[in-house]
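Shown next, in structure tokens, is the structure this report addresses.
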Amino acid sequence: MLKTTITGSLPKPAWLAEPEKLWAPWAAEDPDRLEEAKHDAVRLAILDQEQAGIDIVTDGEQSRQHFVHGILEKIEGIDFEKKTTIGIRDDRYDADCPTVVSELKRSGPIHADEVKFARAQTERPLKFTMPGPMTIVDTLADEHYGDRPKMAMAFAKILNDEARELVAAGVDNLQFDEPAFNVYLDAVPTWGVEALNRAVEGLDCTTAVHICYGYGIEANLQWKATLGDVWDQYEAILPALSDSDIDQVSLEFAGSRVPLEVVKLLDGKKDVLVGAIDVTTLTAEAPEEVAKVIRAAMEFTSPERIFPCTNCGMVPLPRTVSQGKLKALGAGAALVRAEL
């Protein structure tokens, strides 16, 4: 009960990549040294989680520079040399994005070796994250499909093929990250959920979708400042997700203006990864602060449905801050667990 987990990413050590930076270049150019550095970082990421009392651990996304492009780099049909500046997340910010120039194809395993290595480092349930179809589509320029739903379904099949192999390699929990769900509210109940269902089709593991308001970076903070006193994006999309094939929904609550009662919109059909750690602050929460969020969530769903979690990835944070937040998450959940 109240098993803890994180949304996925943790800060990278300075000997792997430049700290506190998204898209940080790798510190090592030699492929063998880089692979060794990635493995060492995964070991530390898992150890940090275990020592903090995190029940369902991840590899901290230590082997990927970016949560979306980490998989796209291995998919045929995407030209990374042909960058196009587009407005992503409904023009929240501009980005130089790779371009889809032909039919999308996955020629072989992409993350299987990463999963096998992480699986060998821990006996705890292992979670692995991949970008969801809608978020992938929103992070690419398209010169081939000419239709976002059609391209999303093509990616959904690729994600499903990859996911099946990852489960065979030892993944217990597979999460699809869909921050775009909080932006394109009208599309989520239609092709957004359709593509997500295709991505999890036939998977023999626990599946989750993560929907948050983004990293603690300036562009996201500016966007949040425009959302008013009540953030009601979840209200528009959770009813559709309650009828989806996903097992768990990961939501942001700590330090946000999301009313916790939106959990009721999942109608008790889904587990809820309750974001109880604010990733936009440089101070670790007190365990009691985490416990307070968990107790509040218990007013709207049963404790058996609650998995205390972080709001979003922590890759842009200093390592000492993320380690403190991990410990707070583990300790806060332990407080409530003891009460129960």
Q: Counting other beta carbons within 10 Å of each Cβ, put Leu159, Leu47, Leu140 in order, fewest first.
A: Leu47, Leu140, Leu159
Q.
Go through the cysteines of the chain and tell me which have no other cysteine Cβ under 4.7 Å away.
A. Cys97, Cys205, Cys309
Q.
Rounded, prolate or oblate for region 221-340? Axes are the square roots of the Cα gyration tensor eigenvalues, ordered a ≥ b ≥ c, and the cut-off for rounded is a/c under 1.5.
A. oblate
Q | Relative exposure of Lys157, Lys12, Lys269, judged by other C-beta atoms within 10 Å (fewest first) | A | Lys269, Lys157, Lys12
Q. If you take every DSSP beta bridge whose two residues both sit in region 31-339, what share of them, in percent to the nearest 5, is antiparallel?
A. 25
**Q.** Span-rule helices in the chain, defined as complete DSSP H runs reaching 27 Å or more along the axis (Cα) with Kyte mean at least -1.0
**A.** 31-52, 148-169, 319-339
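Within region 280-340, report the GluC sites (Glu not before Pro) that DSSP leaves as loop and that have at most 15 other Cβ atoms within 10 Å.
Filter output for region 280-340: Glu299.
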Q. Taking every DSSP beta bridge that has both residues in region 33-152, what percent is antiparallel when rounded to the nearest 5?
A. 75
Q.
If you take every DSSP beta bridge fully contained in region 80-214, what fraction is antiparallel? Give it as a percent rounded to 5.
A. 30
Q) What does the charge count near Asn197 come to, summing +1 for each Lys or Arg and -1 for each Asp or Glu among other residues with Cβ under 13 Å from its Cβ? A) -4
Q. Which of the GluC sites (Glu not before Pro) across region 10-94 are loop residues per DSSP, with 11 or fewer other Cβ within 10 Å?
A. Glu29
**Q.** Residue-count net charge about Phe253 - beta-carbon cut-off 13 Å; Lys, Arg +1, Asp, Glu -1
**A.** -3
Q.
Below 8 Å between Cα atoms, with a sequence gap of 6+, how large is the relative contact order for region 31-339 in percent?
A. 15
Q) Of Met134, Met153, how do they rank once you tally other Cβ atoms within 10 Å and put the fewest first? A) Met153, Met134
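In deg cm²/dmol and to the nearest 500, what is the mean residue ellipticity at 222 nm of the chain if only DSSP H runs of at least 4 residues count, each as -39500 (n - 2.57), divided by the residue total?
-10500 deg cm²/dmol
Just so you know, all these numbers are worked out from the coordinates, no wet-lab data involved. Predicted model, so just to flag it, every value in this text is computed and none were measured. Heads up, the Cβs are rebuilt from the backbone with ideal geometry, glycines too, and the neighbour counts pull from every protein chain shown.
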